[in-house]
Amino acid sequence: MKHLSEYRNSDHARTLSIEIARVRIDRPIQIMEVCGTHTMSIARFGLKQLLPKNIRLISGPGCPVCVTPNNFLDRAIAISKIADTTICTFGDMMRVPGSSSSLEVEHARGSDIRVVYSTLDALMIARAHPDRNVVFLGVGFETTAPTIASSIEIAHSEGLKNYSVLCAHKVVPPAIEALLSGEVKIDGFLLPGHVSSIIGAKSYRGIAERHAIACSIAGFEPSDILGALLEITTQISNSKPAIHTAYARAVTEIGNSKALAVLDRVFESCDANWRGIGNIPGSGLAIRDKFSQHDAAKRFPVSIDESVDNPACRCGDILTGKISPDECPLFRNGCTPDHPIGACMVSNEGSCAAHFNYGATNI
Amino acid sequence: MCLAIPMQIEAIDGEMGTVEATGIKREVSLSFIDDPSVGDYVLIHAGFAIQKIDEHQANETIELLNQMAQRAREMKS
């Protein structure tokens, strides 16, 4: 597959692995990735096994489904019970446990909840069923948020009154700053490639000014990730931290101006609650007043009981890199992909799902 | 959810396009792409093209990787 297979080359991977081992770093270092797709790629391709023992790759809060707190799901479930309502969602939200139920369970009980690949599919459902309220669950970072923003603009311009979004979108750079002020030692960041396609390398310059931290923006194939790790370790070794782009075929300094423009037209910045971290100021996106008609939180102000987390669930600590999945007492011990207790196990991109499916490495 | 697949534009119809990879075709929105052309490769995510792939940069990256691997082979022999 063009622009994909060329980056899955064992000669290149072996060479990069050797080069990383040759970089002089005489102490243990921790490099954090903040993208669920990186978590999965690293696990799938067994990349941790190609790194020297003093380099530890840790997962941060890069899975948007995992960092969405229970009350969003509880709210979505409450809305699904309103008559003539259709919930449309990306697939991995279906099995995430809320305080007492999940979308999958509610679907089995008779609620109209449909998995879609794109907001464009949800718009088609809204057009085909003007008698139903179609509510799209907006979860995702800057890669996905423009597609939801675009759907709101399309609905608005068509007068598609029955389409609305329950918005829980979050943005990455404020979370990176919060992590740098947190407890976990982070020597470098593997930055998310497709978020960066949208927001551009420029979005991290403020972080670089405030914290001297080695960074490289990486794509998702083995050569992409190993190449970025080579850059990060070299920056650390030379004490020359920088924001580097190792994914130049898809990431520019300014990002995608059309996607950024639609984000700005439809959303405004707000505070957001991240599972495991708590409130991060300015880390969320809220639908602007102009589009209130398409804001499901305003259209359907349901009252829900106070959300509860399973007290044994350690997803919060896993999402901040404090512990690895096998240090959670529930991992493989009640919590499995077939029977997930926490979001990290159920999401396609959760740390625990990756660890469970691809085995333990680099412990 | 950063999953995006590189696919090639086969046809354009207003803001929508038909993209193809390994024989699979999809209708996607090209509304985020500046001056899309048939033949361009774009990254597809949730039914939208989110970025055009810069062929020049891609070639440079592959060339660099090939050179590194070549040097490593020479050093071994």
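Throughout, read-outs are computed from the coordinates displayed, never taken from laboratory work. Quick caveat, the model's predicted, so the values are computed rather than measured. When we count neighbours, we look across all protein chains shown, and the Cβ atoms used for this are built from the backbone with ideal geometry, even at glycine.
To two decimal places, what compactness ratio does segment A:292-363 give when its Cα radius of gyration is scaled by 2.2 N^0.38 Å? Don't jump to the answer; show the numbers that get you there.
Details: Rg = 15.8 Å, N = 72, 2.2 N^0.38 = 11.2 Å.
Cα-based Rg divided by the globular estimate yields 1.41.
Out of all Cα-Cα pairs in the protein assembly as shown, roughly what percent, to the nearest whole number, are more than 41 Å apart? List each step's numbers first, then the result.
Numbers: 13654 of 96580 pairs.
Of all Cα-Cα distances in the protein assembly as shown, 14 percent exceed 41 Å.
Where the centre of each part is set by its Cα atoms, how far does segment A:301-337 sit from segment A:181-247, in angstrom?
For segment A:301-337 versus segment A:181-247, the Cα centre distance is 28 Å.
Short version: ³J(HN,Hα) in whole Hz for each residue of segment B:19-28, in order, from phi by Karplus 6.51 cos²θ - 1.76 cosθ + 1.60 (θ = phi - 60°), x for Gly and Pro, what are they?
Taking θ as phi minus 60°, the curve returns 10, 9, 8, 6, x, 8, 10, 9, 8, 9 Hz for segment B:19-28.
Let me know the mean shielding of A:251-258 by other chains, meaning the per-residue number of their Cβ atoms within 10 Å of its Cβ.
Taking all residues of A:251-258 together, the mean is 3.
Starting from the amide H of A:THR245, placed 1.01 Å from N in the peptide plane, find each other amide H under 5 Å away whose residue is 5 or more places distant or on another chain.
A:ILE217
Can you give the average number of partner chain beta-carbon atoms within 10 Å of each beta-carbon in peptide B:19-29, as a whole number? Don't jump to the answer; show the numbers that get you there.
Details: counts 0, 0, 4, 4, 0, 0, 0, 2, 2, 2, 7.
Across the residues of B:19-29, the mean count of other-chain Cβ atoms within 10 Å is 2.
Give the span of segment A:96-167's Cα atoms along each principal axis, as three whole-Å numbers ordered largest to smallest.
Result for segment A:96-167: principal-axis Cα extents of 37, 32, 18 Å.
Could you tell me the center-to-center distance, by alpha carbons, between segment A:1-66 and segment B:4-48 in angstrom?
Value for the Cα centre distance between the two parts: 29 Å.
Once you charge only the Cβ atoms, +1 for Lys and Arg and -1 for Asp and Glu, what is the size of the charge dipole of the protein assembly as shown about its Cα centre, to the nearest 20 debye?
In debye, rounded to 20, the protein assembly as shown gives about 920.
Tell me, how many Å apart are the Cα centres for segment A:104-138 and for segment B:52-76?
Spelled out, the Cα-based centre of one part sits 45 Å from the other.
Residue by residue through segment A:289-296, what is 3J(HN,Hα) from phi via Karplus (6.51 cos²θ - 1.76 cosθ + 1.60, θ = phi - 60°)? Round to whole Hz and write x for glycine and proline.
These are the phi-based 3J(HN,Hα) values: 3, 3, 10, 3, 4, 9, 9, 5 Hz.
For chain A, what's the relative contact order in percent, using C-alpha pairs closer than 8 Å and at least 6 residues apart?
23 percent
If you average 1/r across every pair of different Cα atoms in segment A:255-343 and take the reciprocal, what Kirkwood value do you get, in Å?
The Cα-based Kirkwood calculation yields 16.3 Å.
Enter the angle in degrees (range 0 to 90, nearest 10) between the Cα long axis of helix A:257-266 and the first principal axis of the Cα atoms of chain A, meaning the one along which they spread out most.
40 degrees
Quick check: convex hull of the Cα atoms in segment A:123-221, volume per residue, rounded to a whole Å³?
Once divided by residue count, the hull of segment A:123-221 is 127 Å³.
What is the mean projected area of the alpha carbon convex hull for segment A:47-199, to one decimal in square nanometres?
Average of the hull's projected areas for segment A:47-199 equals 11.4 nm².
What ranking do A:253-266, A:207-220 get when scored by the average of other Cβ atoms within 10 Å per residue, highest first?
Top of the packing list down: A:207-220, A:253-266.
Roughly how crowded by other chains is peptide A:3-16, in terms of the mean Cβ count from those chains within 10 Å of each of its Cβ atoms? Mind dumping the intermediate values first?
Numbers: counts 12, 5, 2, 6, 4, 0, 4, 1, 7, 7, 2, 2, 9, 4.
Partner-chain Cβ atoms within 10 Å, mean over residues of A:3-16: 5.
Which of rounded, prolate, oblate describes segment A:21-64, given a ≥ b ≥ c as roots of the alpha-carbon gyration tensor eigenvalues and a/c under 1.5 marking rounded, otherwise prolate only if a/b is larger than b/c?
Oblate, since a/c reaches 1.5 and b/c is not below a/b.
Neighbour counts of other C-beta atoms within 10 Å: give me A:LYS48, A:LYS53 arranged from fewest to most.
Details: A:LYS48 16, A:LYS53 8.
So the residues, fewest neighbours to most, are A:LYS53, A:LYS48.
Take every DSSP beta bridge with both residues inside the protein assembly as shown and express the antiparallel ones as a percent of the total, to the nearest 5.
Values: 27 of 59 bridges.
Looking only at bridges with both residues in the protein assembly as shown, the antiparallel portion is about 45 percent.
Just how many % of Cα pairs in segment A:163-298 lie over 17 Å apart, if you round to the nearest whole percent?
Taking all Cα-Cα pairs of segment A:163-298, the fraction more than 17 Å apart is 64 percent.
Given a cut-off of under 8 Å on Cα pairs at least six residues apart, what relative contact order in percent is computed for chain B?
25 percent
Take the eigenvalues of the Cα gyration tensor for segment A:207-363, scale each by 5, and report the square roots as semi-axes in whole Å, largest first.
Working: eigenvalues 185, 162, 45 Å².
Equivalent ellipsoid of segment A:207-363: 30, 28, 15 Å, largest first.
In square nanometres, what is one fourth of the surface area of the convex hull spanned by the alpha carbons of segment B:1-65? Don't skip to the end; give the middle numbers.
Values: hull surface 19.4 nm².
If I average the Cα hull's projected area over directions, I get 4.8 nm².
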